[in-house]
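Undergrad: Sharing a structure, written as C-alpha cells. Questions coming.
The values are calculated or read from the model by the stated rules, or taken from the named source; none is laboratory data. The model shown is predicted, which means the values in this text are computed figures rather than measured ones. Cβ atoms come from the backbone with ideal geometry, glycine included; neighbour counts cover every protein chain shown.
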Amino acid sequence: MSLALPFQTAKQLAAAVRKKKIGCLELLDLYLKRVEAYNPELNAIIATDIEGARKRAKAADRAVRAGKKLGPLHGVPMTIKESFDVAGFPTTWGDPAFKDTVVQQNSLVTQRMLDAGVTLFGKSNVPLNLADWQSYNEVYGSTNNPWDLGRTPGGSSGGSGAALAAGLTGIEAGSDIGASIRNPAHYCGVWGHKPSWGVVSPKGHALAGAVAYGDIGVVGPLARGAEDLEIALTAMAGPDSIDGRGWTLSLPRSKKTKLRDFKVAVLLTDPNAEVDDSVQEQISKLAAFLARNKVKVSDKARPAIDTTELNDVYIRLLRAATSGRMSDAVYEQAVKDAASLPADDMSYFAQMQRGNSLPHRSWLQLNEKRHKMRWAWDAFFQDYDLMLCPVAVTAAFPHDQAGLRHKRTIVVNNKKVPVVDQIFWAGYSGVTWLPSTAAPIGQSKEGLPIGVQIIGRQYGDYECIQFAKLLEKEYRGFEPPPAYS
C-alpha cells in the first residue's frame, strides 16, 4: 500500500517533482505545515530558514520548467543534524557558548546534498557535544520520540530520526562514533547508514572551525527507505579538495539481486552487553525468515575476536578520540581517576577515564590491537557477506536526564543495567571502521520500533545497503508512528 506523500521516500518525492506531479515549493510547504503542527511536541527541528528555503524551492521549480538537468534529490525538502555547518546558522553541538556564532560556509556534506538538489530548510536537534543516546541541551531543549513522547528518539542524531519518522522532512544526514546514526534509526523506525571510516569527508562537521578528522567517527545518511541511503551516500561520499588531488573513491557496488545470494551470520547477544529478549526475538524472527528463503544463515560463525578485549579497545579509543573537547580541569581529573583506579576495574567509568587520559604510547598499543581485529573481521568476510546483530540492547527507553550519564540505568530483561554498557554494539563494528546499516525489522510488545544492525566488510557499504533494500521490499517497509500518520 502506498504511503501518504509526507512519508514517501526521498527517491519517490524526487520522482514526483521530475514528473511534475507536485512542485518543489508545494512540497516544501507541505512539510513546513507538518513542522508547524507537530514539531512543537517533538522538538526535532530546532532551527529553520523558511524564507531562504522558499527562494531555493522557487528556483528549483524554474529549473524543472526549463527542462534543466536535475540532481537525484531535486526538490526534496531536507533538514540536517545541527552539528553540520550550514551557512547562516550557528553550529553549537548543544553548547550555549556557540549559540550566537553564525558560520559562513557549508560543510562538505551540506554542500554535496544541496548539489544533489535538496531544498534544505533547517537543522535537527542533538545532545550536548553529541555525547548521549538522548537528544537534549541547554540551547534547544529536549527532543521526544514520535512513537512515545515520554521516550528518547536516540542520539546523537536524535532530531534526525524523529523528524524522518514523523514525516517532517524528506531526508537527513547525521554522524556516528557511538551508534549516533544507527541508534536513532533503531529507536525511531527508520534507516541509517554508518559508512566505512574515511568514505565520507567530515569537513565542516566540527566545533569552532576545527579541521582535523578524528578517529572512528563518520558522517552519513538517514532516511525512510534503504534506497535513499544509497542515493545519499553516493552524493556525499568522496574526498575533500586536498585529498581529492591524490585519490578517488570507488566503492564496489553489490552484485547480489536476491536475499538468497547472501551468506549471513547472526549474533543475538554478548556477555559484554546483554540484549533484551524483545530485541533478540525480532532478530531471531528475521533469521528464521531468511533461512526459509534459502539464505545461508549461521548462528555460530564469528570473527576470531575476543569481544571483551574489543570492548575495552573501543571504549578507550573512543574516549581518546573525543578527549580533545575536554577542558584542562576535566582532563586533569581524568588523569587522577585513571591513576587511582584498580587495574582490574573494567567498568565503563574506569575505561572512560583511561581513554580520556590515554598516553600516546598506550594509544599506539591499542591501535595495534584494533588493526589485528580488522584483519580478523576481513578473514571472517571471506566466508560470510554480512553479520546481523543488535543496534542496542532495548527499544527506545524513557527520558532520563538526571545526573551523570554513566550513572544512569535502563531495564534489560527485568534487570537494571548501566545505560552505557550497550555502547558495545556501537563499537562492535565501529572500532574497526566497518560499515553498518540499521534497518527496522519489527516492534516490541509496547509498539516501539526495533531494528537490526547489518555489518559488512570494510568498503562493503553498498552490500550492506543492498541487503537492507531487499529486506525493505520482502520483509518490512517503513511504518509511520500512529499519531503522525
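For (1) touching a residue at least 60 places away in the same chain (Cβ under 8 Å); (2) closer than 23 Å to Q280 by Cα; (3) in contact with a Ser or Thr (Cβ under 7 Å, 6 or more places away or on another chain), each residue gets a yes or a no:
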{"residue": "S429", "(1), (2), (3)": "yes, yes, yes"}
{"residue": "L434", "(1), (2), (3)": "yes, yes, yes"}
{"residue": "A438", "(1), (2), (3)": "yes, yes, no"}
{"residue": "I455", "(1), (2), (3)": "yes, yes, yes"}
{"residue": "Q458", "(1), (2), (3)": "yes, no, yes"}
{"residue": "F467", "(1), (2), (3)": "yes, yes, no"}
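Undergrad: Only strands (runs of 3 or more DSSP E) wholly contained in the stretch 155-224 count here; list those with 2 or more residues that are modelled with pLDDT of 95 or more and closer than 27 Å to Q104 by Cα.
TA: Values: elements: 172-176, 191-194, 218-223.
Hits in the stretch 155-224: 172-176, 218-223.
Undergrad: May I ask you to say which residue of G67, G117, G94 is assigned to a loop (DSSP other than H, G, I, E, B) and either in contact with a strand residue (DSSP E or B) (Cβ under 8 Å, 6 or more places away or on another chain) or among the hydroxyl-bearing types (S, T, Y) (or both)?
TA: G94
Undergrad: Also, quick follow-up: How do the helices (runs of 4 or more DSSP H) wholly within the stretch 344-437 filter down when requiring 1 or more residues that are of a type in the set (S, T, Y) and surrounded by fewer than 24 Cβ atoms within 10 Å (Cβ to Cβ): which remain?
TA: Here the list reads 348-356, 360-380.
Undergrad: From (1) touching a residue at least 40 places away in the same chain (Cβ under 8 Å); (2) closer than 15 Å to G167 by Cα, pick out the condition that doesn't hold for A37.
TA: Result: A37 passes all but (1).
Undergrad: Something else: Can you confirm whether S180 is hydroxyl-bearing (S, T, Y), over 23 Å from A87 (Cα atoms) and touching a residue at least 24 places away in the same chain (Cβ under 8 Å)?
TA: yes
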